[in-house]
Structures are given as C-alpha cells and as structure tokens.
Amino acid sequence: MLQRIQTIWLLLASVCSFLTLKFPFYSGTNAKAIASYPLTGTENSLLLAATLVVGLLSIVILYLFKNRIMQLRLIVLAILIEAFLLFLYVKQVQTFTVGTYSLTALLHGFITLFLLLAARAINKDEKLIKSSDRLR
C-alpha cells in the first residue's frame, strides 16, 4: 500500500540520495592542488553507481508493498550499500590535502535514518498481518 508511512521514509531516502549527487560531501584542496574543490557523488564512477543504486533501490522498494519480507531484505541491502558508499567517500577525502566536511555530508546519515525508519514501519506492518492471521 502506497499510503503507508514507509512510503514517506523511502521517498525521503531516495531524494536525499539524489541530492548527494549535486551537493558536496567535502570541500578543500585536492591532490591536483585545485582549491575549493567539492567532492560530490559524481566524483568517480563507483561513487556515482553506488549513489544511484541506493536512490533507485529506495524507489523500487516502494512498489514491492505486497512482499514485505523482500522489502526488508532490500532495505538491509540499501543500508549496506550506503555504508560502502560512506567508506568510498572517506577514501576520497584522504586524497585531499586540506579541507572541511560540508554540512550536506549529513545527508548520508539521513539516508540511513530514513531507511531504518522504513524498515521499522514495514516490520510493524508484518507483525500486524501475522497477528491478524492468527485471529482468523
């Protein structure tokens, strides 16, 4: 059902994921001595692919509302990919000589939070369905 609260959480996770393509995670002087260089999700193909996978996976999970177990499994997969994405960002930050984290780096924390909230809501729905099946 698309009118459930997990729809909001998954849409927010997807929007935050796509916003990381535009907004920087880190800004500073990179290894090529370019000052004020922003590190975004489009920095290299691996960052771009992982970011797109998290964003698109969040949208795909929305339409699997009839299979809640599959939704939960895919949310765990999205969280793992997001953790891998953060690892990639940290590796890219190490190539900078000087710089600071941007405020928009918090978007990655919000993505994980929204995915966890969606998983919690889906789990709650699953428990409700199981308890109503026991009453029949």
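The values are calculated or read from the model by the stated rules, or taken from the named source; none is laboratory data. Please read all numbers here as calculations on a predicted model, not as lab measurements. Ligands, DNA and RNA are excluded from the accessible area calculation, which covers all protein heavy atoms including side chains. Shrake-Rupley method; radii C 1.70, N 1.55, O 1.52, S 1.80 Å.
What do you get for the angle between helix 5-19 and the principal long axis of the chain? Use alpha-carbon atoms, 0 to 90 degrees, nearest ten.
The answer is roughly 20 degrees.
Report in % the part of the accessible area of region 72-136 that belongs to carbon and sulfur, leaving out ligands and nucleic acids; probe 1.4 Å.
Whole-percent figure for carbon plus sulfur exposure: 69.
With axes computed from alpha carbons, what is the tilt in degrees of helix 45-62 against the longest principal axis of the chain, rounded to the nearest 10 within 0 to 90?
20
Between region 6-25 and region 95-136, how many Å separate their Cα centres?
12
Which entry is the computed Rg/Rh (Cα atoms, Kirkwood Rh) for this structure: (1) 1.36; (2) 0.96; (3) 1.11?
(3)
Using a 1.4 angstrom probe, figure out how much accessible area the chain has per residue, in square angstrom, rounded to the nearest whole.
59
By how many degrees, 0 to 90 and rounded to 10, does the Cα axis of helix 106-135 deviate from the longest principal axis of the chain?
10
Considering only 64, 47, 21, give the residue with the highest GNM mean-square fluctuation for the chain, with springs between Cα atoms whenever their separation is below 10 Å.
For the chain, modelled as a Gaussian network with Cα springs under 10 Å, the answer is 64.
Given an 8 Å cut-off on Cα distances and at least 6 residues of separation, report the relative contact order of region 14-92 as a percent. Intermediate values should be presented prior to the final figure.
Values: 76 pairs, mean separation 22.1, N = 79.
Normalised by residue count, the contact order of region 14-92 is 28 percent.
Under the definition of Cα pairs under 8 Å and six or more residues apart, what whole-number percent is the relative contact order of the chain?
Relative contact order for the chain comes out at 38 percent.
Could you work out which residue, out of 40, 100, 112, moves most in a Gaussian network model of the chain, that is, has the largest mean-square fluctuation with Cα springs under 10 Å?
In this elastic network of the chain, the residue with the biggest mean-square fluctuation among 40, 100, 112 is 100.
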